[in-house]
Every structure is written in structure tokens, then in C-alpha cells.
1. Residues of the stretch C:428-463 being part of a helix (DSSP H, G or I) and small (G, A, S), which ones?
2. Mind checking which residues of the stretch B:39-60 are of a type in the set (S, T, N, Q) and either touching a residue at least 60 places away in the same chain (Cβ under 8 Å) or part of a helix (DSSP H, G or I) (or both)?
3. Does the stretch C:137-151 hold any residues that are within 14 Å of chain A (Cβ to nearest Cβ) and either on the phi > 0 side of the Ramachandran plot or among the polar types (S, T, N, Q) (or both), and which are they?
4. Residue by residue through the stretch B:47-81, note down the ones that are more than 13 Å from A:G133 (Cβ to Cβ) and away from chain C (no Cβ under 13 Å).
5. Tell me, yes or no, whether the stretch A:105-113 has at least one residue that is within 14 Å of another protein chain (Cβ to nearest Cβ) and charged (D, E, K, R).
6. Among what's in the stretch C:139-151 and is part of a loop (DSSP other than H, G, I, E, B) and touching a strand residue (DSSP E or B) at 6+ places or on another chain (Cβ under 6 Å), pick the residue that is surrounded by the most Cβ atoms within 10 Å (Cβ to Cβ).
7. Counting only residues that are facing chain B (nearest Cβ under 10 Å) and touching a Cys at 6+ places or on another chain (Cβ under 7 Å), which one in the stretch A:160-184 is nearest to B:C138 (Cα to Cα)?
8. Report, by residue number, each residue of the stretch A:42-67 that is farther than 22 Å from B:G140 by Cβ and either of a type in the set (K, R) or buried (at least 18 other Cβ atoms within 10 Å of the Cβ) (or both).
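The values are calculated or read from the model by the stated rules, or taken from the named source; none is laboratory data. Values in this document were obtained by computation on a predicted structure and should not be read as measured data. Positions of Cβ are generated from backbone atoms using ideal geometry, with glycine treated the same way; all protein chains shown enter the neighbour counts.
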Amino acid sequence: MGYPHKPHPQETVVLSKHFGEVEARSYKGWVKRGGYEALKQALTMEPAKITDVVKESGLRGRGGAGFPTGLKWSFMPKEKKKPHYLCVNADESEPGTFKDREIMRWTPHALLEGTAIAAHAIQAEVAYVYIRGEFTEPCAIMEQALGEANAAGVFGKIKIYLHRGAGAYICGEETALMNSIEGKRGNPRIKPPFPAAFGVFGMPTTINNVETLVAVPHILRNGAAWYKGLSLSSPKSTGTKLFSVCGHVQRPGNYEVTMGFPLKDLLYELCGGMPSGRTLKACIPGGSSVPILNREETERCLLDYEGVVEQGSMLGSGGVIVFDDSVDMVYQIMRLARFYAHESCAQCTQCREGTAWTTRILERMLAGQGKPADLDLLLDLSENMTGKTICVLSDSCAAPVVSGIKKFRNEFEAYLAGKKHPVLAA
Amino acid sequence: MSVTAHPAPGIEEYQPVFTGKTLDQLNGILPRYPTKQAALLPALWLVQQARGWISDRNMTEVAEVLGLTPAYVKGVVTFYTMYHQHPVGKHFVQVCTTSPCNVCGAEAVVRALLDATGAGELGATSPDGKWTVIEVECLGACGFATPLLIDDDFIESVTPEKVAALVKRYK
Amino acid sequence: MPDDAVQLTIDGVAVSVPKGTLVIEAAKQAGVLVPHYCYHPGLSVAGVCRMCLVEIEKQPKLAIACATQAAEGMVVKTQSEPAKRARTSVLEFLLINHPLDCPICDQAGECELQDFTFQEGRPATRYSPDYAKRFNPVEDFGPDVLYVPNRCILCTRCVRFMEEVAKEPVLNVSERGDRAYIGIHAEARLDHPWAGNVVDLCPVGSLLSKDFLHKARAWELDKTAAVCTGCSQGCNVTLDTRENVVVRVRPRPNLAVNRYFICDHGRMNYRWMNRGDRVEAPLMRRDGELRATDWDEALDRVGTLLRGASGRAVALVSPRVSTEALFLARELLSGLDWMGAFQVVMGEEAPLAGIPNLALRAERAPNAMGAELLGYRRDYAAALAAAESAALVLVLDEPEVAVRTAGALLYIGTVLPEGARGAEAVLPIANVAEEEGTFVNRDGRVQRYLQAKPPPGMARPAWWVLSELLATAQRGDHPATPADAFDLLAATVPAFAGLSYASLGLGGQGLNREVRVPA
């Protein structure tokens, strides 16, 4: 639901059903709400069968990549020759995204249950939940929940451990996450090899997002067909998605809607529309790493993997950032570039130097010292930063820059023409 | 490893972190991983919890305990922004100013904090030693702008008006 | 064609390589050098510099050649427009913070950043002067290594070398993003016995040798293939000379011996090659004093001495002398009741942990094995004792000679030590950098070294002196070239059977018909 707001009638409340219920955090409270039934069921099933159900359901990774989850699980070796691992990606750091935080602090047992089921499906005895260091409250809640669940002995042979991050967005990248667990700098790895062949500690590993895993118990209990039926755009995008709406809306929060839901309705109905007297200028639908949509595109957009691509962006993590007409697009794009420059791990030349250079060009522009050639330079740098690096942080910096210049060129040109006052802080 | 650390002469004797309860905690963590190296991030958190920050000498101790080199540990410490490499104020404030919070007035919250705490400048410690304020990247609570961390307390929906009262709550 | 070979095309050239070969290596076979920085055949693949981006048909994105395995039917294009643009952009990104230090940077002339920028870079900057370059002061990492952070391109070769090859991770990458630099813990120093290799590995002038700092420009240097004389490992090296002075020693790749590395002891062990206090003319004893003369007279008089000698002869030889010289010395004394001995300075062994069978060896001389194979013994004390009553004592470049003899002392060496001042004759010879010859390392590998500079004055190579003496003393074949000398040795000494100077090449050859490994 749109926590902290009451559930909106147009929401399809499945994963967020118990947001706001303090009792749901406890083991007893969760069992009372039907919790751990799916796990009990899963532990009696063959691992391959669980994977089949999840495959059939069409569940796709909710962290941003949208990779079919069942297919990812099926990459793990069928015959177990080495230890298998599951890593839960709770590093949620994509600007605009705050759904995993809510899942963990309201329904920690849902995540633990989903984790255990997934671990069983991929034949892993150990699962690490990688929680970003800044999530002090969710971490404490998860620790408490884990203690209670362990005491109740629900996980069987599966061991779930919490591993706390220490402030690095890049550790949300699956291979960097594995390196971080191993006690290394959070540098992404070259692929191949892929995690299912050579993952954490060199062992076959699967990495799944929090939101992906909490869907699994529901799928097992209610069936794949039910999950597919929830969505408006089966079979390509199935189930529901938590959209974290933030920025300039009346009621920011996490809203759970069916796949294929119109973005326009999400913003104007569920979120109550723009702040008073303001109009929508731009929207970044999938966390800051995807192209920016202008007003027309936003109002046309359907929220599923294909629908957003049709409007020229991506569903990503579903972090919906809304900018009204008071926003200085150039300043915000600079702020995003600065984010990527700060988070770059420093391995690849284009990312390490390009994110910083991009930021500097934009800062100069905002200080009134931009040059006409700067726009073409930014576009050229962005192209050089796209598709040429170990991971896509570099591409993610380019996305807002390219789409921003394309769709809000007038704002950039205003700075170049000196028509606007230089802005160094909003 | 064969590398030995040689502390400069004249430095007062070093008090190890990993003794007693802290050592017990580390020993409880080690079995979770197949390698000692993997306990590095948790070990560094234990040091920061005990001492408030992680010095070069602490890094040497962690290296010895986990069978790594001091240089290796330093490379890891400097990668992760939450580990402090020098002492900070009694209360450490991290304010998110990335775009979603930025458009909701995060920078005004920062200015109010710098004022109310007396820190004056980002990264500086206030004269009374009580406060250090820094800007950080997305804290993952964008719908509750502006969020911030004061030590381990995660506080949502902070506005400039609420800052003074908030600061007063911390001694 | 072996079963596991793979056929692919690189820039239109068809090549066949073993399965698993990286495209960057396969390209070498096609005569294509794919520009790169972080890749090195002696280190793990990092794939971080992004310099080796190439286009591979049917692949949507450009690929890095250093991390892509050659596949059957692959078509690689290194010079397509997208590939060239991508590499040009990498160079641009590397140069934005890189200082314009070429005029004061040691690496100039042998700098890969210069080379590839000249080849594929942009002609002008789009960064300066609008934006300030990152600045960090120079750091002293340890005994010989300076780190200039401003020039560093973060290829991480140095970090990987210390971690994987030296197995002592004393370097790290610190910080993140464009604030990153190579760090060393405050309480640590880069004093590993093989640490100097990071200077060679560094593609730019970021890691520098203090020993070589501002000594010479790369283009002024003449480079000669040689073998290190520091110990019995026999690492292959290149001697860099400027105006006939040896100024630097660097490793020369040899996969069978030292791969791509040399130790710091060998690296610093060259100053003695430039000693000025040399014997520069043959000296003969006349009227109780050693007086300079010419070769004709010297050879004539020594020859007479040798022809008239009978009874005991003792040879005290240096294990730093070429195999050819040791052999010819033996031949010279073969008509007499002779014994020969050598002594070796010993030191502490320092292995390079990540490479099997590679270490700074305890025996600090390059040819102890050669001496042994030729019949010289290690019982130096016994030889000294025997020398006292010997008719003839031949000392071959052993400066620590404190020999007393009732007979004639013939000293053949580079310098004139106290103990040789009682000699009948002193014949000046070239040192290792001034001649060509061979050494036999501790593993029985025979390796050639070439001449890097001319010998001073009238000094000549030891093999030549001994060969001439053989002629004068009428004691048998006297070879006229180093190749002849070695081939004669191979024909005479069973241990060296089957080898020839030609077959040694520049990569060396093992005794007992081992297959030659190319350098």
C-alpha cells in the first residue's frame, strides 16, 4: 500500500498487505498472518519443482534488471558438487527507490521466508542478506526476526546470515555485492564467468532482490496462474510491483499496483497529483539510472517492462521520481551526475573520469561559465561512457544527461545564453 | 603474511580492540564465512563501534587478526564511505541531498543543521566537539524527504523547521 | 593442426590458436598489437583500463580483447570506426587528469600512454584549461620506488603484481571514483626483494625507480640482451647503456627462467660494470716491477712461460667468468698436473613466491654451475694450499685472491688487487658487459649474453686471451670467435653435447637436449 498512507482502492495489495502493522514483525505475528506455510510446503518439494513454478509464474527480478527469476535459478548446477549460495540484495541505493526498506521493516519474515524457499530451490545451504549500512532500523528488525525464526527452527538446514554493507551504491551490482561479502572492495567483476558458475567464494551463486523474493511464498501458495492473472500485461510482465513514488506528489510512498498499470493514474489518482498549483514537468520511472520522461511520455506510459521501454525509458527498480515545473532540470541532472561520480568504484577509465568530468561541465554551466560546445561535449562523453565498461554505472550516468539534453534542451541553452541566474544550490 | 608493521617510536602503547566481548563477537561472526577475509566488513564495524573511528593502527590490528595485510585493509576501508578514518563529532549526521530529496528541500535542511549544530561547514566538527554534519547520497527513504541519520538513528521527513528541536534531543 | 585449435580472423588475417587463447594474444599472431594498459601476460586479467576495446562481429557491444577468449569463426576488427572511437575516448579520459609532464618524466620515450595517444588519441584537449587537474604530491613508497599519483592511470598492475606474484599485498587501491590512487599503509614500505618490478610494469611514469631518476632519456639508451650476474638463477636482462655506461638493468622475458621479472639485487647490481679502476694494458714483471707492454710481447712471454712449465698448476677462477673462458683456461692447463677451484659469495635466498623455481639464489654468482661442470671444485682452501707449492698459478678474475706461491703467478683479470701484485704477468680482460659469452645457471640452462659496451684500454675478452695463449703455448685448438669457442666446448665436454652457439639463441637451452624455449 502507499504506506504511510492508507491502501488505495486501485492498488493490488499483496506484498504490502501488512505494511504499518507492528505485530507483523514478530514471528508469532507473522505466523498468525499465514506466514511460513509456503516454506513448509517448499521444504517438501523437489528444488527443481519450485523453480518450475516460479518460472511458470513469469516473476522477473525486481531490483532493476527484470531478468526472469525462474530462469536465473535454473542456471545453478542441477547436480550439487560444491556449496551453493544465495545472496539477497538488500543494498537498495538507487535514488528514488525505497521499497525494500519498507518490506524489511514491516514484513521481515516475508523476506526470510522467501529467502529460505529460494535457497532450497537452488540447493544452497547458506544465504547472505546484504543490507546497506545506512539501513540501521531495517537491519535491527531483520536481526530480531532472524533470531526468532531460528529459535523456531523453521529454516531446516538452511543458514541465513545478515551482512551489513558500509556505504557503497555499487555494491548493489550483483558481482560487486559478492566481492563485498568476500571482504573486498566492492568492485564489479567481468562476466563471464557468471555467478551461477563462479560466484561468491568461487561457488555457484544466485543473487535476488528483496522484492523478488517476497513474491515467492505467495506464488507457491496461490499458484503461478494466480500470479500471472494479477497483471494487466501477462505473460510478459506478471504479478504486482511496488512503485516508490517520491519527489513532487501530494502523497509520496510505496504503491503496489498490478503490472501494466497506467503511470498517469499512479501519479494523479493514487498519489494525489502534483503539489498545489504545480504541473508535472518530468518523471524518472525506474530509479535515476533510466532515461527521463517528459510530461507527455509520462502520461502515456504503462507500468510494465515493455510499456516503459515503449516510452523510451526502463522500468528499472520502479523508483518513480516526480519533478514539477519548479524544478531546475539542469541542476538536478548535475546532482545526479555528482551521485554517480561519487559512487564510481574507479575500475573503468570511462566511468572513473567521465562521471567526474560530466559533473564538472554541468557545475560550470550552472555557474554561468558554460560554453556552446558543452552540450555536444556532454553527449559525446555520454556515448563514450555507454556500453563500454564492466558494469552499467557509467551508462546510468549518461542516461539522465542524454535524455535531459534531448527533452529539456531549452533549459540548458538558457544557462549557456546567460539568461538564467547561475544557480549553485537549489 | 610476512609484512610487519612498524609503528613510529614515541607513540603510546596501543590498546587492542579485539579483546573480551568484542573478540567474542568477532569469533561469533567468523564461522559464517568460509574465509577469514569475509569477516573484514563486520570486523571493521566492530572497531568503529568500539572506538568511533578506524585508525591506521586499528587497521593493522584487524589485518593481523584476519591474516591480511594492513595495506589491504586500508584499501577496503577507504572504499566504503561509512567508515570514518579520523575522529568525528560525538554525533555524526548524514543528510541525503540526492535529487529526489534535493527537490524536496534537502539542501535547506543541511544549512539549518550546520547552523543549529554549530558545525558551520560540511565535514567539520563543531567547536564543542558534539557534531559533524555531512551530505550523503541516496539513503533509500526518498518518499520521506528529507531523511537523515544521526549516529544509528534513522530519522524521516526532516524539514528546516524541525531541525532545532531535533538537535536539542541529542546531548 | 591440433584438435583443440581454434580458427579466427583478426583484421582480415586468419590465425589458428589453442582453445582458450585470449583475443589480445591471438592478435599478436596476426601481427596486431591491440593497445592496452592493465593487461599483462604475467598477471591476472583485470579488464579495467578498457583500452583494448575491439569490435567482434555479431556481438552487440565492443569487447575487451584481454578478457575475451578466441572462438571458432570469430571475426575481430580492431580498426573499425566504433572500436577506434572507443579507444580514442579512453585515451581522452586518461589524459584529462594526467599532467603534461613529458619533459620532466622519466617514462618519456618508453611510455605507453605517449605511444597510444600518438597512435590513436585526440590531437587536442577538451578539458584544459577550463577544469583543474587532480593533484597529489609524490610519495616515497620505499627503498627504490617513488609514486607520482598525478600520472597514475590506475591500471592496477602494481597492486596485482604484489598480491599475486610477490604474494605480499602491500599496495592497494584507495578511495573511490576519480579520487582513487595507489596506496600503501602508513606503517608499511615497499621493500620486498622483488618490488622493483612494479616500476617496469607501470605503463606510465607513475612508479619510478629512484636509482634511475633523471639519469637518462629512454631514447638515448642502447639496449643489450644479457644475463644477470647477481646470482645463479640466471634471469635474462637487458642492459641499458648511455654513452657506454651501464645505467639500468631491466628484465628480459624468458618464460623458462624468470618470466617477466628480476629481483632488486640484480636490478641494482650494475655499478661495478662501470668501474674505472681497471687494468688497461698487459703488465709484465721486469726488473722486479710490473710494467705495461703490448699484447704481442705479453702473449709471447706468457706463452714461453707456459711452454716451459711443468709439474703442478693451480687455477683459481671466478664463478662470474664466462663458460668459454673457464673451458679454455682448463685446456690451457691440461698438459700439467692441474687442479682448479672457485669460491662463491653466499647470501640470503629470496624467492618470488608466485612463480615456481624463481628466487634470488644464495649463490651470488652466475656461473658456479658452469665452473663445476668444467671440473673446477669448490674446495678453495685446498687449492690455495696447493698453490703455495705449485709451479704455475693462474688466477682468472678472482679479486679476493690472497694467494702465495713459489711458482709463477699469472693473473688474468679486470682489476688489479693487492694479492696479485706479485704476479709474473697481469693480462687485462673485459667484464661481463664488455664481451659476449655464456653462463650456465643453477638449473643447467646455458644462456648467452651480448656485449653492451667496449672494454677499456687494451683489455680483451677472457676467451680471446686464453685462446691466444693456447696458440702461443701450442696447446691445441684456439677458437677465433665466441661462437667457435662455445662450439669447441660443446664438442669437448660431454655435459654440453648437442648444444651449439646457434641453438642457444637468446632464450638459452638446457643441458641434455632440453627443448629450447623462445625468449
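1. First, pick out the residues of the stretch C:428-463 that are part of a helix (DSSP H, G or I): C:432-434, C:462-463.
Hits for the stretch C:428-463 are C:A433, C:A462.
2. Within the stretch B:39-60, B:Q48, B:Q49, B:N58, B:T60 qualify.
3. Passing the criteria: only C:N150.
4. B:V47, B:A50, B:R51, B:G52, B:W53, B:V65
5. Here is the first cut: in the stretch A:105-113, the residues within 14 Å of another protein chain (Cβ to nearest Cβ) are A:105-106.
Among the residues that remain, those that are also charged (D, E, K, R) are: A:105.
Checked the stretch A:105-113: at least one residue is within 14 Å of another protein chain (Cβ to nearest Cβ) and charged (D, E, K, R).
6. Going through the qualifying residues, I end up with C:F141.
7. Ranking the candidates gives A:I170 first.
8. Those that are farther than 22 Å from B:G140 by Cβ and either of a type in the set (K, R) or buried (at least 18 other Cβ atoms within 10 Å of the Cβ) (or both): A:A42, A:P47, A:K49, A:I50, A:T51, A:V53, A:V54, A:K55, A:S57, A:G58, A:L59.
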